[in-house]
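Okay, so here's the structure we're looking at.
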Amino acid sequence: MLKELEKKLQENHAAWTEDRLWDACAVARPGKVKGRSQAGRFADLVALVRFALEQQPVLKPFADSVSERFNEWLMDKAQAGVTFTPDQLAWLNLIRDHIATSLSIEPEDFDYSPFSQCGGLGRAHEVFGEQLPGLLEELNGGLVA
């Protein structure tokens, strides 16, 4: 749906880029805009739409929201007694970054960089075992929410 929205914006209002919309919000409501959109970042459309619909009180880069939710998720896991190895944390950070730019992660995403450079889906299965599918589902739901 976001790709369709982006396409319609480009077709009907070529000047309405993510950057220009972000700047317009900053001018119209300066106290409600934090940070700066990452030039042309597709995922920032989510933040713009949520802000326009008043579903979030402050406009900030989508990646910032994902990072905050990720840190909360890690703290919740720690409080529940779940620990991650350094290797698992490195993979979780890669997954977080992918979700921040692509809005989700699927097993086929592990075929591409940076995951492929780290061993791809096979290595992710070695690192997380049978927990990987559930973990991806949990992160998809929790970080984008």
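The values are calculated or read from the model by the stated rules, or taken from the named source; none is laboratory data. This one's a predicted model, so the numbers in the text were calculated from it and none came from an experiment. Cβ sites come from the backbone with ideal geometry, for glycine too, and all protein chains shown count toward neighbours.
Of everything in the stretch 20-37 that is in contact with a strand residue (DSSP E or B) (Cβ under 6 Å, 6 or more places away or on another chain) and over 20 Å from residue 67 (Cα atoms), the residue that is modelled with the highest pLDDT is 26. Given the criteria outside the structural domain of residue 44 (by TED's automatic domain parsing) and closer than 19 Å to residue 86 by Cα, does residue 106 qualify? No; evaluated as a whole, the condition is false for this residue. Condition (residue is in the same structural domain as residue 26 (by TED's automatic domain parsing) and not in a helix (DSSP H, G or I)) applied to the stretch 83-93: is it met by at least one residue? No, the conditions are met nowhere in the stretch 83-93. Does residue 64 qualify as being part of a helix (DSSP H, G or I), touching a residue at least 40 places away in the same chain (Cβ under 8 Å), of a type in the set (Asp, Glu) and surrounded by 13 or more Cβ atoms within 10 Å (Cβ to Cβ)? No.
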